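Novice: Okay, here's the structure, questions in a sec.
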Amino acid sequence: MTRPDRVRLVVLFGGQSAEHEVSCTTAAHVLRAVDPDRYDVVPVGITREGTWVEADDAQAALARGAAALPAPPDRLEATGTAVEPLRTVTPSADDLPVVVLPLLHGPHGEDGTVQGLLELAGVPYVGSGVLASALAMDKVKAKEVLAVHRLPQVAWVALRDIEIDGAAGAMGGAELSYPVFVKPANMGSSVGVTKVHDSSGLDHAVALAATYDEWIVIEEGVDAREIEVAVLGNAEPRASVPGEIVSSHEFYDYEDKYVDGTCQLLVPAPLEEAPTARVRALAIDAYRALRCEGMARVDFFYEEDGRDFLVNEVNTIPGFTPVSMYPKLWEASGLAYPDLIDELVRLAVERHDHRSRFSTKR
């Protein structure tokens, strides 16, 4: 399946999420990388308040050349022209084929909500569909599905926000010992995550996670290396070389990822051939178990003298700046950043054409 010669690429960014700033930064880098001879780029931002706006400044800068793009914004202000979501992503009068590239991290973007809107609009879009996006975003449901597929994971327990007073009892029932990690189930970029060393910090950590989501995950802490693998494809996904995160903080938190910039990304990871093969195969297994398509980054813990590789999370819209792990892993695997965007667009068209063949009639 080939990509059309020229495509109108609608880049969605911003969003109503605590990861709004990360999304804006990602979009700015993608806008710099796309080939204007191949793509008629339409940047569309979603403000924190949920207003869809054409990003006028970004569009004007594109007309002057990619080098003229402004620095990545901290957040998207509602200064552009307000647009209707469905009208924005549907084909225009010039019949140029439309592909949507959602760069929305977290709730209301990575969780199947925007993907559902794009399904209703009937347009190809990059990344996983509604089900996979929702499953991967919800750590509780993702863990349950991965467990059914017998994929190795750390021990964990889930709580609802109305049950947070019973966190200590739930931990005991699951035989979790300190330290533990407390996370909102539907959030990324380590937002709302706390490492808890003893019972004195549990209540505060659970309350913090509950400010971001209705469901909370408490995970067993492990002494392990952090390994990540990028996966690309639809029915026949392929895995990149693995990479390793060496955090400069107590754990790989938001500041370590986006503020300090002092963590190390080792690409490729210093692994022998056998464990490299195992983790790449596991990444594809997790990708398929959650029915991912297009792209995802699969994160692992690696206990070298213990349980081997343990699936941590699957991210269906991973960080996508040139220095983010997902593009770096593919670059190390022979696929440069602009070519990666081309391949994702091709996969979006392929998936859309495949699904369009199914009958809606009786």
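Novice: Report the label-to-label distance for S200 and L131 in nanometres (one decimal), using points 7 Å from each Cα along the Cα→Cβ vector.
Specialist: 4.8 nm
Novice: For the pairs K141/K195; K141/K328; K143/K195; K141/K361, flag any whose C-alpha to C-alpha distance is greater than 27 Å.
Specialist: Table pairs above 27 Å Cα-Cα are K141/K328; K141/K361.
Novice: What does the extension gain come out to for D95 and D35, with contour length at 0.36 nm per residue minus their alpha carbon separation?
Specialist: Computed gain between D95 and D35 is 19.6 nm.
Novice: Between R288 and T211, how many nm apart are label points set 7 Å from Cα along the C-beta direction?
Specialist: Result for the modelled spin labels: 4.3 nm.
Novice: At a Förster distance of 45 Å, what's the computed FRET efficiency of R238 paired with S359, Cβ-Cβ distance as r, to 0.05?
Specialist: 0.90
Novice: From Cα pairs below 8 angstrom and at least 6 apart in sequence, can you work out the relative contact order of the chain, rounded to a whole percent?
Specialist: 17 percent
Novice: Could I ask something else about it? Between A147 and R87, 0.36 nm times their residue separation minus their Cα-Cα distance comes to what?
Specialist: 17.6 nm
Novice: The range 212-251 to the range 305-333: how many Å between their Cα centroids?
Specialist: 6 Å
Novice: What are the residues whose amide H is under 5 Å from the amide H of V41, where those residues sit 5 or more places off or on another chain and H is modelled from the backbone?
Specialist: L9
Novice: Take the Cβ-Cβ distance between V323 and H108 as r, set R0 to 22 Å, and report the resulting FRET efficiency rounded to the nearest 0.05.
Specialist: 0.30
Novice: Something else now. What percent do you get for the relative contact order of the range 142-238 when only Cα pairs under 8 Å and 6+ apart count?
Specialist: 32 percent
Novice: Follow-up. Given only helices, namely DSSP H runs of n ≥ 4 each adding -39500 (n - 2.57), what is the per-residue ellipticity at 222 nm of the chain, to the nearest 500 deg cm²/dmol?
Specialist: -9500 deg cm²/dmol
Novice: Let me ask something additional. Looking only at the chain, where both bridge partners belong to it, what percent of the DSSP beta bridges are antiparallel (to the nearest 5)?
Specialist: Approximately 75 percent, going by the DSSP bridge assignments.
Novice: Measure off 7 Å from each Cα along the Cα-to-Cβ vector at R48 and A174, then give the distance between these two points in nanometres to one decimal.
Specialist: A separation of 3.1 nm, rounded to one decimal place.
Novice: Please turn the phi angles of the range 328-337 into ³J(HN,Hα) values with the Karplus equation 6.51 cos²θ - 1.76 cosθ + 1.60 (θ = phi - 60°), one per residue in order, whole Hz, x for glycine and proline.
Specialist: Ordered by residue, 3J(HN,Hα) equals 5, 5, 6, 4, 5, 9, x, 10, 5, 3 Hz.
Novice: With point charges of +1 on the Cβ of Lys and Arg and -1 on the Cβ of Asp and Glu, referenced to the Cα centre of the chain, which listed residue (P102, P268, V123) lies farthest in the positive direction of the dipole?
Specialist: V123
Novice: So what are the chain's ellipsoid semi-axes, whole angstrom, largest first, if each one is the square root of 5 times an eigenvalue of the alpha-carbon gyration tensor?
Specialist: 34, 23, 20
Novice: Over 5 Å intervals from 0, what percent of Cα-Cα pairs in the range 299-362 sits in each interval?
Specialist: Spelled out bin by bin, the range 299-362 gives 4, 14, 14, 15, 15, 14, 10, 7, 4, 2, 1, 0 percent.
Taken together, the values in this text are just the output of simple stated rules run on the coordinates, not laboratory data. No experiment lies behind these values; they were computed from the predicted model shown. Note that each Cβ is placed from the backbone with ideal geometry, even for glycine, and that neighbours are counted across all protein chains shown.
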